[in-house]
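Asker: Let me give you the structure first, and then I'll get to my questions.
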Amino acid sequence: MKKIFNYINGEFKAPIEDQWIDNYNPSIGDVYSLLPNSSTVDVQNAYEAAEKAFPEWSETPLEQRSKVLSKIASLITENLDQLAKAEAIDNGKPLSLSTSIDIPRASSNFQFFAHALTQFASEAHESTGFNAINFTLRQPIGVVGCISPWNLPLYLFTWKIAPALAAGNTVVAKPSEITPMTAYLLAEICIKAGVPKGVLNIVHGLGNTTGQAIIEHPKIKAISFTGGTATGAHIAKTAAPMFKKLSLELGGKNPNLIFADCDYEKMLSTTLRSSFANQGQICLCGSRIYVERAIYDKFKTDFIAKTNALKIGAPLDAETNIGALVSKSHLEKVKSYIDIATAEGGTILCGGNYVTVKGYENGYYLQPTIIEINNTNCRVAQEEIFGPVVTITPFDSDDEALAMANDVRYGLSCTIWTNNLNRSMYMAKHVQAGIVWVNTWMMRDLRTAFGGTKDSGVGREGGFEALRFFTEPKNICIQY
Ligand code: TXE
């Protein structure tokens, strides 16, 4: 059986305690590789390698650092086919998606920060009347921890690592134990790219062992985390007494507000994507759909028809729109919400059942599901399901739409469909979310601030926000 190894001090290493975890291929429901369940000793070794590499990497001229990151970016692009296939097998997502989105974006993450680091500047303040000048040194923090989830494995892993390295830190990183393969392949790429030893260290393992060792490590002074809200709360609690810097990108329950005056066809095709792309396993998916009553019935009919036409199949099949969910337990969790919805008075308009794909009978497949609800206090309208399940509900006024949009504990993103400029601005300003899209969805410019409010987390990633997070500002005041 293929084994995945840790990448510590520039070399592949087996876990010291020889503990291994089964890695499943969700499209067939079978174990196809093993990954380390790294202990605190492995994490300590990774930390020590990173600590040793820090002085030189943090003093490496920016152009040189930029070249290393660019080299990783181009090697990811050169290995697009291999990486995209590995991601589809490991995660269950359609190969078409990993080829067009996940892997190109992983490359862009490195390329973007290779450029951004050469443009990052800090502030100066002249204290007029005191003959003094202040300026801010933005210094790297030291060894930082990056922990990522399974839904967009390489995409989100690199979204953290690239800015951390760009800012001059050295890194101890842990991908999700559910999707470790492309992080392992990234280590191979780093060796080829000539990343100096210890600058990036990748340790594999479970959240409550390996992840816990990273967040508890007293000398890892910043943690960038993307994952579930409960895990984020646990990390915050653990890290607070050590005053670690935290960036937490957590769950979402994002509203999709559809007004009668929108560009209907564009809205319909985009809503299909924002509902079911990646089997609905994207924190930005619009899982609560609110539609103005004037077009509600038409939307309902058209949306059901389009959803029923989606092809559920094996990830590597070119025709597949909806692949497998990431794991058996996640599949069961998502399905349980469909049962809860029925018990709470929701109406299943389409989908709702497991799917058996011919030749892949033990894979984790679920029909894309639309649930009509009127009571927005029910669990399916309030809790993050993180699967191919959306709710739809009509509304009668802008204020009602806004109130429903804001009536959840989360505040990550929101999509608004309208051609009325005043309405779009009013809604965008008052909706509780870190990211608002008007007449589009998931259009990402890597310079923009990315993150959520409320229980969707704290801190922002992206552009200079990420470089600010991964540096410590120091004010220097000189009187002359
Ligand atoms: O995530 P976890 P899970 C949501 C989604 C999903 C739920 C749970 O609703 O159903 O979270 O998913 C590591 N110390 N999202 O359980 O556990 C873990 O190993 C340090 C939304 O898979 O939060 C993995 O690397 N690390 C989300 C990472 O945290 C720990 C994407 C995320 O796993 C740890 C994924 C610990 N004690 C799930 N425990 C999004 N925002 O996109 C776990 N981890």
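The values are calculated or read from the model by the stated rules, or taken from the named source; none is laboratory data. The structure displayed is predicted, hence computed values, not measured ones. No Cβ is skipped: glycine too gets one built from the backbone with ideal geometry, and neighbour counts run over all protein chains shown. Remember, those area values only see protein heavy atoms, side chains included, never the ligands or the DNA or RNA. Shrake-Rupley method; radii C 1.70, N 1.55, O 1.52, S 1.80 Å.
Asker: At 7 Å along the Cα-to-beta-carbon direction for both Lys237 and Asn308, put a label point, then send me their distance in nm to one decimal.
Answerer: The answer from the label model is 4.7 nm.
Asker: Show Thr231, Thr136, Thr356 ordered by accessible area, largest first, where the area counts protein heavy atoms only and the probe is 1.4 Å.
Answerer: Descending order: Thr356, Thr231, Thr136.
Asker: Related question: Tell me the accessible surface of Ser100 in square angstrom (1.4 angstrom probe, heavy atoms of protein chains only), to the nearest ten.
Answerer: Surface accessible to solvent at Ser100 totals approximately 70 Å².
Asker: Another question about this same structure. What does the charge add up to near Val431, with Lys and Arg as +1, Asp and Glu as -1, over the other residues with Cβ less than 15 Å from its Cβ?
Answerer: Numbers: positive: Lys253, Arg288, Arg409, Arg423, Lys429, Lys454; negative: Asp398, Asp399, Glu400, Asp407.
Residues close to Val431 contribute a combined charge of +2.
Asker: Longer than 20 Å from Cα to Cα, which of Lys2/Lys160; Lys298/Lys335; Lys253/Lys335; Lys160/Lys245; Lys85/Lys335; Lys3/Lys174 are they? Say none if no pair is.
Answerer: In this structure, Lys2/Lys160; Lys298/Lys335; Lys85/Lys335 exceed 20 Å between Cα atoms.
Asker: About the Cα centre of the chain, how large is the charge dipole given +1 on each Lys and Arg Cβ and -1 on each Asp and Glu Cβ? Please answer in debye to the nearest 20.
Answerer: Once rounded to the nearest 20, the dipole reads 600 debye.
Asker: Can you spot the aspartates and glutamates whose alpha carbon is less than 15 Å from Lys67's alpha carbon? Ignore those fewer than 8 places along the same chain.
Answerer: Lys67 reaches Glu59.
Asker: Counting only other residues whose beta carbon sits under 14 Å from that of Gly459, what net charge do I get with K and R as +1, D and E as -1?
Answerer: Summing Lys and Arg as +1 and Asp and Glu as -1 gives +2.
Asker: Near the amide H of Ile371, under 5 Å away, which other amide H atoms are found, from residues 5 or more places off or on another chain, if H is placed in the peptide plane?
Answerer: Leu349, Val390, Thr391, Ile392
Asker: Go through His217, Ala341, Ile133 and say which Cα lies farthest out towards the positive end of the charge dipole of the chain; charges sit on Cβ, +1 for Lys and Arg, -1 for Asp and Glu.
Answerer: Positive-most Cα among the choices belongs to Ile133.
Asker: Could you tell me the center-to-center distance, by alpha carbons, between the range 1-70 and the range 408-422 in angstrom?
Answerer: 39 Å
Asker: Tell me the accessible surface of His115 in square angstrom (1.4 angstrom probe, heavy atoms of protein chains only), to the nearest ten.
Answerer: About 110 Å², rounded to the nearest 10.
Asker: Which of the listed residues, Ala239, Asn25, Thr271, is farthest toward the dipole's positive end in the chain, when Lys, Arg count +1 and Asp, Glu count -1 at the beta-carbon?
Answerer: Positive-most Cα among the choices belongs to Ala239.
Asker: Moving on to the next point. In the range 28-85, which chymotrypsin sites (Phe, Trp or Tyr not before Pro) fall in coil by DSSP and have 12 or fewer other Cβ atoms within 10 Å?
Answerer: Sites meeting the loop and neighbour criteria: none at all.
Asker: If amide H atoms are built 1.01 Å from N in the plane of the peptide, which residues on other chains or at least 5 residues away come under 5 Å of the amide H of Glu472?
Answerer: Gln139, Ile141
Asker: Here's a follow-up. For the range 244-255, just list the computed ³J(HN,Hα) in residue order, Karplus coefficients 6.51, -1.76 and 1.60, θ = phi - 60°, integers in Hz, with x standing in for Gly and Pro.
Answerer: For the range 244-255, the Karplus-derived couplings read 6, 7, 10, 10, 10, 9, 10, x, x, 9, 7, x Hz, x marking Gly and Pro.
Asker: Taking the simple approach of a point 7 Å from Cα along Cα-to-Cβ for both Glu265 and Ala449, what is their distance in nm?
Answerer: According to this spin-label approximation, the distance is 3.8 nm.
Asker: When only C-alpha pairs under 8 Å and at least 6 residues apart count, what is the relative contact order of the range 142-210, in percent?
Answerer: 35 percent
Asker: Moving to a separate point now. For Tyr360, what accessible area in Å² do you get when you roll a 1.4 Å probe over the heavy atoms of the protein chains, rounding to the nearest 10?
Answerer: 80 Å²
Asker: Specify whether the C-alpha gyration tensor of the chain places it in the rounded, prolate or oblate class, a ≥ b ≥ c being the square roots of the eigenvalues: rounded for a/c under 1.5, otherwise prolate if a/b is larger than b/c and oblate if not.
Answerer: oblate
Asker: Along the charge dipole of the chain, which of Cys350, Ser148, Pro255 sits closest to the positive end, that is, farthest toward it, with unit charges on the beta carbon of Lys, Arg, Asp and Glu (+1, +1, -1, -1)?
Answerer: Working it through, the farthest residue towards the positive pole turns out to be Ser148.
Asker: Which shape class, rounded, prolate or oblate, goes with the range 261-396 when its Cα gyration tensor gives a ≥ b ≥ c as root eigenvalues, a/c under 1.5 marks rounded, and past that a/b bigger than b/c marks prolate?
Answerer: oblate
Asker: Something else now. If you average the sequence gap of Cα pairs under 8 Å that are 6 or more apart and divide by the length of the chain, what percent do you get for the contact order?
Answerer: Numbers: 1109 pairs, mean separation 91.1, N = 480.
Taking the mean separation of contacting Cα pairs over the length of the chain, I get 19 percent.
Asker: Another question, then. Can you tell me how the range 205-245 classifies by the Cα gyration tensor, rounded, prolate or oblate, using a/c under 1.5 as the rounded cut?
Answerer: The shape class here is oblate.
Asker: To continue, here is another question. Compute the signed sum of charges (Lys and Arg +1, Asp and Glu -1) over the other residues within less than 13 Å, Cβ to Cβ, of Ser39. Mind showing how you got there, number by number?
Answerer: Values: positive: Lys13, Lys174; negative: Glu17, Asp18, Asp42, Glu216.
Charge balance in the 13 Å sphere: -2.
Asker: Just want to confirm a number: the relative contact order over the range 63-110, from Cα pairs under 8 angstrom separated by 6+ residues, in percent.
Answerer: Computed value for the range 63-110: 47 percent relative contact order.
Asker: Which is the longest stretch in the chain that no exposed loop site breaks, taking sites as GluC sites (Glu not before Pro) with a DSSP loop state and at most 11 other Cβ atoms within 10 Å?
Answerer: Answer - 124-318.
Asker: Residue by residue, what Karplus-based ³J(HN,Hα) values in Hz, rounded to whole numbers, does the range 296-309 have, using 6.51, -1.76 and 1.60 with θ = phi - 60° and x for Gly and Pro?
Answerer: Values per residue, Gly and Pro as x: 4, 5, 4, 4, 4, 4, 5, 5, 4, 4, 5, 5, 5, 7 Hz.
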